[in-house]
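The values are calculated or read from the model by the stated rules, or taken from the named source; none is laboratory data. Being a predicted model, the structure only gives us computed values, none of them experimental. Using ideal geometry, Cβ is built from the backbone for each residue, glycine included, and neighbour counts are taken over all protein chains shown. For accessibility, only protein heavy atoms count, side chains too; no ligands or nucleic acids. Shrake-Rupley method; radii C 1.70, N 1.55, O 1.52, S 1.80 Å.
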Amino acid sequence: MNPISPRLTKAFSADSYNTKAASLQAKLHAYLSDTSAGVANPTVSPDEEYAYWLKRLKEEGGKGTPAPLDEVLDRTVHILHPHYMGHQVSPGLPSLGLADQLSGMLNAGMGVYEMGRPGTVMERIVIEQFADALGLPDTTDGFLTHGGTLANLTALLAARAARWPGKNEVWEDGQTDELRPCLLVNEQAHYCIDRAVRIMGWGAGGIRLVPSNDEFRIRVDQIDQAVEEALAEGYTPIAIVGSACTTSTGSFDDLAGLADAAQRHQLWFHVDAAHGGPFGLLPEYRQTILAGLERADSIVIDFHKSCCVPALCTGLFFRQGKDAYRTFRQRADYLLSFESEDEWYNLGRRTFECTKQMLSLRVYSLLYEYGFPFLHDYLRRVNELGQHLATLVNSRMDFDLAMPPDCNIVCFRYFPKTANLNAQQIDALNEMIRQQLVESEQFYIVSTKLRGRYYLRCTLTNPFTDEGHLEKMLDAVEEIGNEIQNLRPLAGLHFVTA
Ligand SMILES: *Cc1c(COP(=O)(O)O)cnc(C)c1O
């Protein structure tokens, strides 16, 4: 054989790794020491950003120069900045980033036990710990997977396997024309439910949107009618999906009411608790707004949203653990034996993924280092921030709150009462406000459409945001809103809806 290439040796060299790691660690230490330094979200257009990184690669690519990780740090949104009030992702706990570094270095992708022993058993442990802390039944089992979108699809595939009414086995025989399956869900549900339905081949008619009430919760009183309508149109309802909470407004569906309806109609009851599931760790949520969660056949919880775990990291829980083994009834004998359900340790039998990251190390490390009390403190803090923002919005004359928040998601809009603007103008005004606010790089907030109207939307995931930061953000919204309004007569600006 030829001698090993020096390039290979150098790329894997311990000393070279150490130098690069030390340099990044120093940078991250400075970063963590002052998270409010600099802007919340550097704003660069996609084309400019593309040009930047292409140029960097052309200049330095392949020369052994350490990858420009510090530049990535400078150019990315800063969830740890107290002015970050945007999407639902929580800041990743710094020490869990170390777990990621280890699993990246080991690259022992899970799927079969032999390839990832600690990761595999940790996965069982963290699922058990969370199931217990959430008050789920003893029969609960589950696994971790890459994100809520994939977890919801996996859960619905299990629902399909469990509740398929025909004599044929859909996994074996494919979907037959005679049966048109469907599920029922809040019209406000995350779009990934719709996507899952269509991936399963159920088509547009396979998703029956149930109207929501003034607080954007599913109207449980409409379920019977929705089931009847589906049946009358030749559809077979398979499942009811609850949202805990909805993505736009953070509204929790009435889970106990949905569990009753599922029982009445013998449907699978799935809860998409991607965002709100962890709030069930708090007794004040478990016994009120999340009551009924324990009756779900399957539950999705994103640990990267409300648990400070690096993304992606999602738990999928099944009330009857064995249901998870029915999802993928296919043979891959060279990897796995499907003969026995006792092989809990070969997780690839139940997950969509074959190779999978060592996701459990993040959650295990969190529980090991800080335990559930950390999560209690975190969840109470971000919830309190949500309540406080709502109070501030309500105290300002020219602001409207979409609904009193259930947790840390708050939707509102600037609505100057004396300006005599119509609905389209209010929409356009708020859209411009958000655009200017984000372009200022000082704050990061997002938006949503509620019943066709444009709203500003904040998710308060950074526990280091405080009352003052919230006030400042509202001041900035108001200031920009006023400026835009004052400019209007001068420039003869017309508001146009997007
Ligand atoms: C965020 C979210 C999802 C999607 O989860 P990902 O982890 O981003 O794939 C699904 N459902 C709800 C309710 C969510 O809030």
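Volume per residue, Å³, of the convex hull around the alpha-carbon atoms of segment 33-139?
On the way: hull volume 21.2 nm³, N = 107.
Cα-based convex hull of segment 33-139, divided per residue, equals 198 Å³.
Using a Förster distance of 30 Å, how high is the FRET efficiency between LEU98 and ARG329, based on the Cβ-Cβ distance and rounded to 0.05?
Calculated transfer efficiency: 0.20.
Rg(Cα) of segment 354-498 divided by 2.2 N^0.38 Å?
1.28
Among the listed pairs LYS305/LYS356; LYS322/LYS356; LYS417/LYS449; LYS63/LYS356; LYS20/LYS305, which have their C-alpha atoms separated by more than 23 angstrom in this model?
Too far apart for the 23 Å limit: LYS63/LYS356; LYS20/LYS305.
Convert each backbone phi in segment 108-125 into a coupling constant with the Karplus relation 6.51 cos²θ - 1.76 cosθ + 1.60 (shift: θ = phi - 60°), then list the ³J(HN,Hα) values in order as whole Hz, x for Gly and Pro.
Ordered by residue, 3J(HN,Hα) equals 8, x, 8, x, 10, 3, 4, 8, x, 4, x, x, 5, 6, 4, 4, 4, 5 Hz.
Any idea how far apart LYS417 and LEU106 come out in nm if each label point goes 7 Å out from Cα toward Cβ?
Output for this residue pair reads 6.0 nm.
Tell me, what is the per residue accessible area of segment 439-485 in Å², probe radius 1.4 Å?
For segment 439-485, the per-residue accessible area is 40 Å².
Residues with amide H under 5 Å of PHE252's amide H, sequence separation 5 or more or different chain, H placed in the peptide plane at 1.01 Å from N; which?
Under 5 Å from the amide H of PHE252 lie the amide H atoms of THR246, each far enough along the sequence or on another chain.
Could you check what % of the DSSP bridge pairs in segment 149-270 are antiparallel, to the nearest 5?
5
Check which residues have an amide H placed less than 5 Å from LEU450's amide H, if you skip close sequence neighbours.
Hits under the 5 Å cutoff: TYR455.
So if each residue of separation counts as 0.36 nm, and I subtract the Cα-Cα distance between VAL121 and GLN436, what length gain in nm does that give?
Taking 0.36 nm per residue and subtracting the Cα distance, the gain is 108.5 nm.
Taking a ≥ b ≥ c as the square roots of the Cα gyration tensor eigenvalues, with a/c under 1.5 meaning rounded and otherwise prolate when a/b beats b/c, else oblate, which class fits segment 115-240?
Judged from the Cα gyration tensor, segment 115-240 comes out oblate (a/c at least 1.5, b/c at or above a/b).
Hey, can you find the accessible area per residue of segment 79-138 for me, probe 1.4 Å, expressed in square angstrom?
Ligands and nucleic acids excluded, the figure is 44 Å² per residue.
In whole Å, what is the distance between the alpha-carbon centres of segment 121-153 and segment 187-223?
24
Which residues' amide hydrogens lie under 5 Å from the amide hydrogen of ARG180, considering only partners 5 or more residues apart or on another chain, with H built in the peptide plane?
Excluding prolines and chain starts, which carry no amide H, the hits are THR236.
Which shape class, rounded, prolate or oblate, goes with segment 38-98 when its Cα gyration tensor gives a ≥ b ≥ c as root eigenvalues, a/c under 1.5 marks rounded, and past that a/b bigger than b/c marks prolate?
oblate
Note down the nm distance, to one decimal, between modelled labels 7 Å out along Cα→Cβ at THR139 and at ARG195.
3.2
Accessible area per residue for segment 142-286 in Å², computed with a 1.4 Å probe and the full protein assembly in place, what is it?
37
Please turn the phi angles of segment 422-433 into ³J(HN,Hα) values with the Karplus equation 6.51 cos²θ - 1.76 cosθ + 1.60 (θ = phi - 60°), one per residue in order, whole Hz, x for glycine and proline.
After applying 6.51 cos²θ - 1.76 cosθ + 1.60, I find 7, 4, 5, 5, 5, 4, 5, 4, 5, 5, 5, 4 Hz.
Sorted from largest down, give the three principal axis spans of the alpha carbons of the chain, whole angstrom values.
75, 73, 43
Report in % the part of the accessible area of the chain that belongs to carbon and sulfur, leaving out ligands and nucleic acids; probe 1.4 Å.
Carbon plus sulfur share of accessible area: 53 percent.
For an R0 of 30 angstrom, estimate the FRET efficiency from the Cβ-Cβ distance between ALA67 and GLU369 and round to the nearest 0.05. Display every interim value, and only then the final one.
Working: r = 28 Å, r/R0 = 0.94.
Here the calculated transfer efficiency is 0.60.
Distance in nm between label sites at GLU59 and PHE464, each 7 Å beyond Cα in the beta-carbon direction?
Rounded to a tenth, the inter-label distance reads 2.9 nm.
Taking segment 258-334 on its own, what percent of its Cα-Cα pair distances exceed 17 Å?
54
Under a no-solvent Debye model with one identical scatterer per Cα of segment 258-408, what's log10 I(q)/I(0) at q = 0.14, 0.17, 0.19 Å⁻¹?
Cα-only, vacuum Debye calculation for segment 258-408: -0.87, -1.12, -1.25.
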